[in-house]
Amino acid sequence: MIEFLKRLFGQAGSSATAKERLRLVLMTDHLELAPDMIETMKLELVDVISRYVEVDRERIDVSFERQDRTLAMLANIPILSVNRPNGNGAHAGEAKPAEAKAVAAKPPTRKRRRRRKTQVPATVSAR
Amino acid sequence: MHQRQDSVIPGGAIEAAVTLSESSEASAAGVTLSESSAASEVEGPSTKSGRAIVITSGKGGVGKTTTTANLGTALACRGASVVLVDADIGLRNLDIVLGLENRVKYHLLDVLEGRVTVEEALVADKRTENLFLLAAAQSREKDEVETFKLSALISRLRERFDYVLIDSPAGIELGFKNAVAGADEAIVVCTPEVAAVRDVDRVVGLLGNRFRPRLVINRLRPQLVKKGKMLSVDDVNGILRLPLLGVIADEPEIIVTTNRGEPLALRTVTPTGAAYHAIAARVAGEDVPAPIPPAAKGSFFERLGSLLGGGR
Amino acid sequence: MNARRIVITSGKGGVGKTTTTANLGATLAKRGRRVILIDADIGLRNLDLVLGLEKRIVFDLVEVAEGRCQLRQALIKDKRFDSLFILPAAQTREKDAITAQQFATIADAAAEQADYVLIDSPAGIETGFRNAVAGAAEAIVVTTPEVSAIRDADRVIGKIAGEGKPIRLIVNRLRPDMVRSGDMLSVEDVCEVLSVELLGIVPDDEEIIDTTNRGEPIVLDDANRLRAIYDKIARRLEGELVPFTRFDNQTLFGRILDALKAG
């Protein structure tokens, strides 16, 4: 009966599921088809992050994962050192390289920076 | 092999059974399980030899992928171990028909090029035990597959699975040839349309003497056959003359299940699900009658609807 | 004045490339254009069959490419129209019997004698497809509102867009009743996902199978609504702004019926 009523009032049937799946699958297909774009994106991402923290460029890992109803980009970026809050140079080589717990870089307190837009809804998280 | 004509019962319902019996020749060619002592001697005492079946058609869009997914599901439901190989490099769809597109991590070319083992690439089906998928690559081209490597892979898969079903791409180009190379049996899928019949005829010719292909007729519309606007099963097989594995009627439900990624073979109560199970039984060597699905039996409301010009 | 060379392709097989080529070509011819249709599906030719011209084939595409005959000798005139010709594919050869360059040369030669050259591409993205695209300056991608077809169309659109050729979309075999019941993607859904200019919407029509059986393009049937649909497509192709047919005129009673049917 509920099914009947749903159809009567035009509620979503399998086509809504299909559209969702298609959206996701095409995103994945497009990514698979553009390894160069991903490489470039990776490099630019690292450049941006390097403005705030010093990173180990050799050990950066970027991957894409399907999570629930969306596609997420996961980046594991080992951090070597973090600039002092007042911006005076990094403590290069002083401390052991540490794995970052939270990478989502906040803009520095002095200047407001605009967030770079990405096409893929990305959650950048660290492991 | 023997067929009976459709019989039309007054009132609009079609009830007919197409009775098939495997010729002993076909059975012997098909069944190669543990009795294949030759293979065991060469490869080791515990090697079983499964069957590698390519599903092809020439014409695109007739239901190769749907048939592969559903036949594989039905065989696995019967307890067989089944691996489905998507040979449509660049245009993969077996994953999406099975609803497994989010679980594909590695693909056929990753295996063939040695980046991962086949175990790492195989995706277990969400719902059916003993059913696995080896997905195609999406961003590569068909000519990147080395035929002998694919054949070798299929042979290895045959050692571990009862059935290796290979979903061939449309056409008769390299993709088709590669899909066929590793198989020892063939199923051709045809719709009751002149273009499809013509293409299957061509493909059967190309398959040559190595195969004795069996036929699945898909997307039959009994109403149109009755009105003389569509070829009947007899029309089609009168031309093709192949052993008939089964007939599947066109059902809107098929689109719905592809939308959801749920093969109809999971629902044996549906005519299509039942038809695929009958086909699976026949592939497994059983002698079963196959009712042509009574999709022509319009319900009262359907007929009322069409009388009143239902919503157009 | 050279013709517009348009490839009709899809990726997925069975969505209606050949039917579209035949009917669009016939419609353009009815509007007074000189049209040449080329079947690029070597080995699996069907354009001749769909037009009912299969018995009149003398020479084919490969023979033209190999110089064994002239283009004009291979062209078959469809007598039902003033100016509709077809160049059939070879049946017993393979797609690599002809190179992309050879195909492009033939398409150019055809373009000198016509207003439109419509190329019926094979399914897939292999040699046959590449050759077909090589002969064209623009593309019509045909899809049905189904997941696999749309995915394949997306792939093909990517490939052709990479060559800088304009692409337009025909959504074929739409079933408005299933769209209403939420069991089929709508045209809007399809366009949103593919992001390509829409050229036409063609509803599913069971008469098509019968017309293929008889070799008579459906646009010859005055009583069939597809005739008007293809006419709209032709007009849009020629630059006219033609509103798309709305297939969702729905009364409450109609909805009840659909719901009952589906239930």
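Read-outs throughout are calculated quantities, based only on the coordinates presented, and are distinct from any laboratory measurement. A quick note: this is a predicted structure, and the numbers were derived from the prediction, not measured. Here Cβ is always computed from backbone atoms with ideal geometry, including for glycine, and neighbour counts include all displayed protein chains.
In this simple spin-label model, placing a label point 7 Å from the Cα along the Cα-to-Cβ direction at both B:Asp287 and B:Leu266 gives a separation of 3.5 nm. Taking 0.36 nm per residue of sequence separation and removing the Cα-Cα distance, the C:Gln113/C:Arg235 pair yields an extension gain of 41.8 nm.
Distance between the 7 Å Cα→Cβ label points at C:Asp221 and B:Arg156: 5.3 nm. Residues considered: C:Asp60, C:Asp39, C:Asp189. Largest GNM mean-square fluctuation over chain C, using C-alpha springs under 10 Å, is found at C:Asp189. Across peptide B:166-174, the mean count of Cβ atoms from other chains lying within 10 Å of each residue's own Cβ comes to 6. Over all other residues within a Cβ to Cβ distance under 11 Å of B:Glu253, the charged ones net out to -2, with Lys and Arg as +1 and Asp and Glu as -1. Rounded to the nearest 20 debye, the dipole size of region B:193-234 about its Cα centre is 120 debye, using +1 on the Cβ of Lys and Arg and -1 on the Cβ of Asp and Glu. Here, region C:1-114 is characterised by an Rg to Rh ratio of 0.92, where Rg is the alpha-carbon radius of gyration and Rh the Kirkwood radius. With all distinct Cα pairs included, what does the Kirkwood hydrodynamic radius of chain C come out to in Å, to one decimal, could you say? Hydrodynamic radius (Kirkwood, Cα pairs) of chain C is 18.7 Å.
Summing charges over neighbours of A:Met37, with a neighbour being any other residue whose Cβ is under 14 Å away from its Cβ, gives -4 when K and R count +1 and D and E count -1.
Listed cross-link partners B:Lys126/B:Lys226; A:Lys42/B:Lys64; B:Lys105/C:Lys12; A:Lys19/C:Lys95; B:Lys59/B:Lys227; A:Lys19/B:Lys149 are compared with a 28 Å cut-off, the Cα-Cα value being larger for B:Lys126/B:Lys226; A:Lys42/B:Lys64; A:Lys19/C:Lys95; A:Lys19/B:Lys149. Put simply, when C:171-178, B:204-211, B:119-126 are sorted by average Cβ atoms within 10 angstrom per residue, most first, you get C:171-178, B:119-126, B:204-211. Net charge of the neighbourhood of C:Ile57, taken over other residues with C-beta under 9 Å away and scored Lys/Arg +1, Asp/Glu -1, is 0. If R0 equals 45 Å, the separation of the Cβ atoms of B:Phe148 and A:Ala34 corresponds to a calculated FRET efficiency of about 0.90. State whether region B:41-189 is rounded, prolate or oblate according to the following rule on the C-alpha gyration tensor (a ≥ b ≥ c being the square roots of its eigenvalues): a/c under 1.5 gives rounded; otherwise a/b larger than b/c gives prolate, and the remaining case gives oblate. Rounded is the answer for region B:41-189, as its axis ratio a/c remains below 1.5.
In order along region B:127-137, the Karplus-derived 3J(HN,Hα) couplings, from 6.51 cos²θ - 1.76 cosθ + 1.60 at θ = phi - 60°, round to 10, 10, 5, 6, 10, 10, 10, 10, 6, 7, 7 Hz, and Gly and Pro are given as x. Distance between the 7 Å Cα→Cβ label points at A:Val82 and A:Glu65: 2.2 nm.
Classify region B:54-288 as rounded, prolate or oblate, taking a ≥ b ≥ c as the square roots of the eigenvalues of its Cα gyration tensor: rounded when a/c is under 1.5, otherwise prolate if a/b is larger than b/c and oblate if not. Prolate shape, in that a/c is at least 1.5 and a/b is the bigger ratio.
Counting only the Cα atoms, region C:108-208 fills a convex hull of 115 Å³ per residue. Under 20 Å from a label point set 7 Å out along the Cα-to-Cβ vector of C:Glu197, the amide N atoms of region C:131-160 belong to C:133-143, C:153-160. Helical runs assigned H by DSSP (4 residues or longer) give chain C a calculated mean residue ellipticity at 222 nm of -11500 deg cm²/dmol, each run adding -39500 (n - 2.57) before division by the residue total. Which whole-number percent gives the relative contact order of region C:85-146, counting Cα pairs below 8 Å spaced six or more residues apart? Computed value for region C:85-146: 36 percent relative contact order. Distance from the alpha carbon centroid of region C:100-137 to that of region A:49-70 works out to 45 angstrom.
Once the Cβ-Cβ distance of C:Arg34 and B:Glu129 is raised to the sixth power relative to R0 = 56 Å, the FRET efficiency obtained is 0.35.
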